[in-house]
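Take a look at the structure below.
The values are calculated or read from the model by the stated rules, or taken from the named source; none is laboratory data. For clarity, every value in this text was computed on a predicted model and none was experimentally measured. Backbone-built Cβ (ideal geometry, glycine too); neighbour counts: all protein chains shown. Note: areas computed on protein heavy atoms with side chains; ligands, DNA, RNA excluded. Shrake-Rupley method; radii C 1.70, N 1.55, O 1.52, S 1.80 Å.
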Amino acid sequence: MVKRNHRRILLIEPPFYRLYKDTYSLDRYPLSLGYLAGMIRKETDWDVMAYNADFSPQGELIEVSYLAGAGFDNYLNNLRDPSGPVWGEVKSTISEYKPAVVGITAKSQNFASARIVARLAKQIDKRTVVIVGGPHPSMVGAEVLDCPDIDICVRGEGENTIVELLNAMDAGQELGAIRGIAYRRDGHVVENAPREFIRDLDSLYFPHETAHEVLKDYDQYPSTAFKYIFATRGCPYNCLFCGSRRIWSRKVRFRSPENVVREIKGLQEMGLRSVHFDDDTFGVNRRYLGDLCNALINHCPGLKWSCELHVKLVDEQTISLMKAAGCYSIQIGIESGNDEILKAMRKHITIEEALSACRIIKKHGIELHAFFMVGFPQETEDTLNDTIAAMRKIECDQLIYSIFTPYPGTEAFEFCKENGLIDDDYDISLHNHQSPANCFCMNITPERFRQLVSKVEKTVDRRNRRNKMKRAFSLNTLWRIQELGVGRSLKRGLHILFGR
């Protein structure tokens, strides 16, 4: 390990959406960068810059459908030939900052991009130490060191690990005592003992507090880029396709409501009026949820917030309390309209339970986004038709669909390997939740699957367009009625609007 004369680390979110279209923009401050940068800034003597290479000033909103069309060809071309504008930006950022260490956060779907970032860093200065952490290394471990440009792999939570790593490098110490990493020593890969999870989540620093000091192009981000927070880490559920438990574990850890409120009040001082809880599953403990909602009611009046909720957690009392505390939007994972597929997924719900949960949420006037996933290995044409029927029947404001993607390290990935749906040449960079390359069904051919997926997409598009028109009409109707004057009745206003 080469000891550098300066202490400077560049943390990078690799480009992904910008590989589909350079003007696409991930308009958020990634929490992974924010928490790491806060720890480095507060707990070490190192200078740090956080760089979201998937952010484009004056960029445009990401169209998910574009990820499967011409955009997919652009994506592949950018991976094969890293000479496009986004890669030029990455190179110039690294060259200008001159870091001794480059830290890259990687998910499975952007790991191919992360490898290119690592290669560019080494091309600029071969002495640069490249560290990769995040969900993908946490799932596959030392396998990421198959990339010769990556020096250190970090598994699990990285906040304490990065502090110990930088301090050890600063002192020229060996890395054998640092838990949660894998690295090379004398040409051999060494895997250290796993790191324990952070017990006191209140000990972490709020990402927004140091953003103005560390985030590249900070002044060009919209304020909403900082609205993402979490109240918990961990998910108690055991879905076959999910890798959350390998990253955070199934034991849920909670921030204190007071700590969450303090962060939110800081965001409100920045001008934010709403936040989104990025928890894998919000509200898994009813007592904690009650304490948090009451804290929001008492200390954050006027706050609006959104979250993702599990079907099993939905009941009248819970949704009523969340609504009173400012919850205006809920995302809920339904995944399939067929009970046998839901059982295979280990969702532990039925479609009727899911539809009932949706009715309760809508009854309380909360916006609802429903997630569906098609193409699970056991999928058949009949089960897909059940899902389409559920999409048409469900009470929600927006449908969000994805195609099943087996991520390395998950049980679903191993199931696909065991059943011949994945071979040794499987390239995760070719697969995302809208990828035209996706088909991992035992009972449907790839050609037929694409035809069926087209039918699903049309159902989703029609339903979402109809909901969008209804919302626009409702808002316009209310505005026109209000315009007619307070003294006129609602009935009279409707007669005038519709010419009756």
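From Ser95, Ser56, Ser83, which residue is open to solvent by 10 Å² or more (accessible area, probe 1.4 Å), among the polar types (S, T, N, Q), under 19 Å from Asp149 (Cα atoms) and touching a helix residue (DSSP H, G or I) at 6+ places or on another chain (Cβ under 8 Å)?
Within the list Ser95, Ser56, Ser83, the selection yields Ser95.
Suppose we filter region 19-29 for residues that are touching a residue at least 40 places away in the same chain (Cβ under 8 Å) and either open to solvent by 10 Å² or more (accessible area, probe 1.4 Å) or in a loop (DSSP other than H, G, I, E, B) (or both); how many remain?
So the count comes out to 5.
Tell me whether region 30-49 contains one or more residues that are surrounded by fewer than 22 Cβ atoms within 10 Å (Cβ to Cβ), aromatic (Phe, Trp, Tyr), touching a helix residue (DSSP H, G or I) at 6+ places or on another chain (Cβ under 6 Å) and not in a helix (DSSP H, G or I).
Within region 30-49, one or more residues are surrounded by fewer than 22 Cβ atoms within 10 Å (Cβ to Cβ), aromatic (Phe, Trp, Tyr), touching a helix residue (DSSP H, G or I) at 6+ places or on another chain (Cβ under 6 Å) and not in a helix (DSSP H, G or I).
State whether the residues of region 176-195 include one that is part of a helix (DSSP H, G or I), free of Cβ contacts under 8 Å to residues at least 24 places away in the same chain and open to solvent by less than 70 Å² (accessible area, probe 1.4 Å).
No; the residues of region 176-195 include none that is part of a helix (DSSP H, G or I), free of Cβ contacts under 8 Å to residues at least 24 places away in the same chain and open to solvent by less than 70 Å² (accessible area, probe 1.4 Å).
Could you tell me whether Leu67 is crowded, with 20+ Cβ neighbours inside 10 Å and at pLDDT below 95?
So Leu67 fits the description; yes.
Hey, any hits in region 281-296 for a residue that's hydrophobic (A, V, I, L, M, F, W, C), modelled with pLDDT under 95 and within 18 Å of the chain's Cα centre (by Cα)?
Within region 281-296, one or more residues are hydrophobic (A, V, I, L, M, F, W, C), modelled with pLDDT under 95 and within 18 Å of the chain's Cα centre (by Cα).
Starting from residues that are under 23 Å from the mean Cα position of the chain (by Cα) and farther than 15 Å from Glu379 by Cβ, keep the ones in region 438-476 and report whichever is most open to solvent (accessible area, probe 1.4 Å).
The selected residue is Asp461.
Of all residues being more than 25 Å from Ser329 (Cβ to Cβ) and among the polar types (S, T, N, Q) in region 406-437, which is surrounded by the most Cβ atoms within 10 Å (Cβ to Cβ)? Just the residue, please.
Thr410
Among residues belonging to region 149-170 that are in contact with a helix residue (DSSP H, G or I) (Cβ under 7 Å, 6 or more places away or on another chain) and part of a loop (DSSP other than H, G, I, E, B), point out the one that is farthest from Ile247 (Cα to Cα).
Going through the qualifying residues, I end up with Asp149.
Restricting attention to region 139-158, which residues are open to solvent by less than 10 Å² (accessible area, probe 1.4 Å), at pLDDT 95 or above and in contact with a Gly (Cβ under 9 Å, 6 or more places away or on another chain)?
Selection gives Ile152, Cys153.
Does any residue of region 307-322 turn out to be open to solvent by less than 50 Å² (accessible area, probe 1.4 Å) and within 14 Å of Cys239 (Cβ to Cβ)?
yes
With the requirement that a residue be in contact (Cβ under 8 Å) with a residue 60 or more places away in the chain and under 17 Å from Ala182 (Cα atoms), what does region 115-132 give you?
Across region 115-132, the qualifying residue is only Val129.
Restricting attention to region 192-201, does a residue exist that is of a type in the set (A, V, I, L, M, F, W, C) and more than 20 Å from Ala37 (Cα to Cα)?
Checking region 192-201: at least one residue is of a type in the set (A, V, I, L, M, F, W, C) and more than 20 Å from Ala37 (Cα to Cα).
Per-residue answers, yes or no, for (1) in contact with a Ser or Thr (Cβ under 9 Å, 6 or more places away or on another chain); (2) modelled with pLDDT under 95:
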{"site": "Glu60", "(1), (2)": "yes, yes"}
{"site": "Phe72", "(1), (2)": "yes, yes"}
{"site": "Ser83", "(1), (2)": "no, yes"}
{"site": "Lys126", "(1), (2)": "no, no"}
{"site": "Val130", "(1), (2)": "no, no"}
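Identify, from the list Arg245, Arg253, the residue that is among the basic types (Lys, Arg), touching a Leu at 6+ places or on another chain (Cβ under 8 Å) and open to solvent by 10 Å² or more (accessible area, probe 1.4 Å).
Going through Arg245, Arg253 in turn, just one is among the basic types (Lys, Arg), touching a Leu at 6+ places or on another chain (Cβ under 8 Å) and open to solvent by 10 Å² or more (accessible area, probe 1.4 Å): Arg253.
Out of region 121-134, which residues are open to solvent by less than 10 Å² (accessible area, probe 1.4 Å) and not in a strand (DSSP E or B)?
The answer is Ala121, Thr128.
Note down all Cβ pairs under 7 Å where the first residue falls in region 31-47 and is closer than 16 Å to Val102 by Cβ, the second is of a type in the set (Val, Ile, Thr) and open to solvent by less than 10 Å² (accessible area, probe 1.4 Å), and they're at least six residues apart or on different chains.
From region 31-47, the pairs are Ala37/Thr210; Ala37/Val214; Ile40/Ile9; Trp46/Ile9; Trp46/Ile40.
What are the pairs, 6+ residues apart or on separate chains, where a residue within region 82-103 that is closer than 24 Å to Ile162 by Cβ and in a loop (DSSP other than H, G, I, E, B) has its Cβ under 6 Å from a residue that is open to solvent by 40 Å² or more (accessible area, probe 1.4 Å) and at pLDDT 95 or above?
Pro99/Arg8; Ala100/Arg8
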